[in-house]
Amino acid sequence: MQISPSLPAQHLHLVQVRRSSFRCQQSPLNPLTKPSSAATQSLKSVTSTEFTKKHLSNLEKLLQKQSVPETNLAEPLQPVHKVSDGNNNHNNNRSILAIKGKALFESLNLARMWPEMKAGEEMSPRHLNRLQRLLSKTAEYSPRNNLGSRWREYHGSNDWAGLLDPLDENLRREVVRYGELVQAAYHAFHSNPAMSTEEAPLPRHVTLPDRSYKVTKSLYATSSVGLPKWVDDVAPDLSWMTQRSSWVGYVAVCDDKREIQRMGRRDIVIALRGTATCLEWAENMRANLVDMPTNHDATHGQAKVECGFLSLYKTRGAHVPSLAESVVQEVKRLVERYKGETLSITVTGHSLGAALALLVADDLSTIQASEIPPIAVFSFGGPRVGNRGFANQIKGNNVKVLRIVNDQDVITKVPGLPVVEELNDNLPMAYSHVGTELRVDTKMSPYLKPNADVACCHDLEAYLHLVDGFLASNCPFRSNAKRSLVKLLNDQGSNVKKLYISKAHALSLNLDRSGFSPSGCLPSPSQ
């Protein structure tokens, strides 16, 4: 290294002492540069203008790349030391520029130039805090606001106009609440599915998620067809799968004063589960349309419904009344008992239960009473039930129906063919849907696989998960969804994205599969 002879001799020893510490250091602002062996080479002189252009260029590249390693941000900016053949003014200029550059760099506060996208980050699998809360076994519910004078609107008096897209937060909570009452019917059935063929069944205990309701009546559905006795002899442990009569749901009434005040009325609920036994599956396959009983008005055309659904609804068992008789009798009793109070009747069901809910609501609407309460149906994943005449009859009787439909659920598209309905309403497969539709989609969930199988798309817990996250048809899944993911992982683990499964195991959760039905039998769509 050559020292300029213009330096005074008396300062030469200072330079000679410091010369060993001179090292060409790359700018930390430029992540594209690679370490070089400049420390062992002669240093080239750089003018102040070139020095400024270089740092501005590096800063521009840094901002365009939008990625800064934390280690670089933590390191202080170090000026590049160079020795030139010029005078000392170059050293002063470089020091000033280095100080100004460091001040500019710190004033930019680059860590704040890319704030976290809150919604996107919360939905990201890498963000464990929110995922851990959603995987918590402690349920978290959306706030229940006071419905007050608007309860009729939420009960469908205006066919839920203006409440579905975007979905009103109060209506969302009401829909999820009714869905959970259907889940209670599934759990009660699977806890003891068998029925005695020798005597009348005892009252069944049902654990309701909403303690403000009290169960007043158990309901049974009976198939009009049977299987040979040798089937039971072959598989005696699964005799409940072939029994003709099965527990299908319950009637409950709200008896909590605070909840009655919040809802604005006393609510009577009929909750019905979906298909569970072999004979119920057999009835589902009887897809031909049959005439409704003659006690219905035919001004809107002859009402017809599916043969299998009507059979399960009207057939009496050996020791139990028909579903139709039980429901009508119990509702009449409750309406008479709470006469003078503001009442409502809500029928809710999933799958087969959704089909039976329409038959129940239609029957209740024809009760000869002085004042029948408003009737609404909240159905989840329900199939088509009848023809256009039946749909018009439901509407003419002022029964309000809200159908929650998953766009990927094939059950909601059967039986019948829409083309047949458009051609001729009197053809055997001319089915028509009833009421107002709330459409959700499995593909909108950030947790479920977009190619989720048929069982997942029809699962009741998946429905409630989708409703809880639904904002509007043109909006993504809401980032502040409240519903826990534990049951969804238990019931539909194979349809949840693998990254969330691994995160769940990383959080040391016990993802037991106790909700699954015994192997070797036809499982219920939701348990």
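The values are calculated or read from the model by the stated rules, or taken from the named source; none is laboratory data. None of the values given here were measured: they were computed from a predicted structure. Cβ: placed from backbone, ideal geometry, glycine included. Neighbour counts: every protein chain shown. Remember, those area values only see protein heavy atoms, side chains included, never the ligands or the DNA or RNA. Shrake-Rupley method; radii C 1.70, N 1.55, O 1.52, S 1.80 Å.
What the table below lists for this structure:
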| read-out | value |
| --- | --- |
| Separation in nanometres of the label points that stand 7 Å from Cα toward Cβ, at A161 and H505 | 5.3 nm |
| Global size of the range 139-440 as Cα Rg and Dmax, reported in angstrom | 18.8, 58 |
| Environment charge at C307 (Cβ cut-off 14 Å; Lys +1, Arg +1, Asp -1, Glu -1) | 0 |
| Cα lying deepest toward the dipole's positive end in the range 139-440, options L219, Q329, L402, charges on Cβ | Q329 |
| Calculated FRET efficiency for the pair V225/T342, C-beta based, R₀ 41 Å, to 0.05 | 0.45 |
| Simple spin-label estimate for R211 and K443 in nanometres, 7 Å along Cα-Cβ | 4.4 nm |
| Low-density loop cleavage sites - trypsin sites (Lys or Arg not before Pro) in the range 242-340, where at most 14 other Cβ are within 10 Å (DSSP) | K339 |
| Unit charges on C-beta of K, R, D, E only; dipole of the range 138-199, Debye | 260 debye |
| Surface per residue (accessible, 1.4 Å probe) for the range 341-380, Å² | 24 Å² |
| Local net charge near W281, Cβ-Cβ under 14 Å (Lys/Arg +1, Asp/Glu -1) | 0 |
| Residues listed by number, the range 165-192, amide nitrogen under 19 Å from N145 label point at 7 Å toward C-beta | 165-178 |
| Accessible-area order (highest first, 1.4 angstrom probe) of the listed residues S191, S479, S344 | S191, S479, S344 |
| The range 426-481 - convex hull of the alpha-carbon atoms, volume per residue in Å³ | 126 Å³ |
| Student exercise, the range 139-440 dipole from Lys, Arg, Asp, Glu Cβ charges, in Debye to nearest 20 | 660 debye |
| Size of charge dipole - the range 312-460 - debye, nearest 20, with Cβ of Lys, Arg +1 and Asp, Glu -1, no other charges | 160 debye |
| Cα shape, the range 250-352, gyration tensor, a/c 1.5 rule | prolate |
| Total formal charge among the other residues, if their Cβ is under 14 angstrom from that of G435, Lys/Arg +1 and Asp/Glu -1 | +3 |
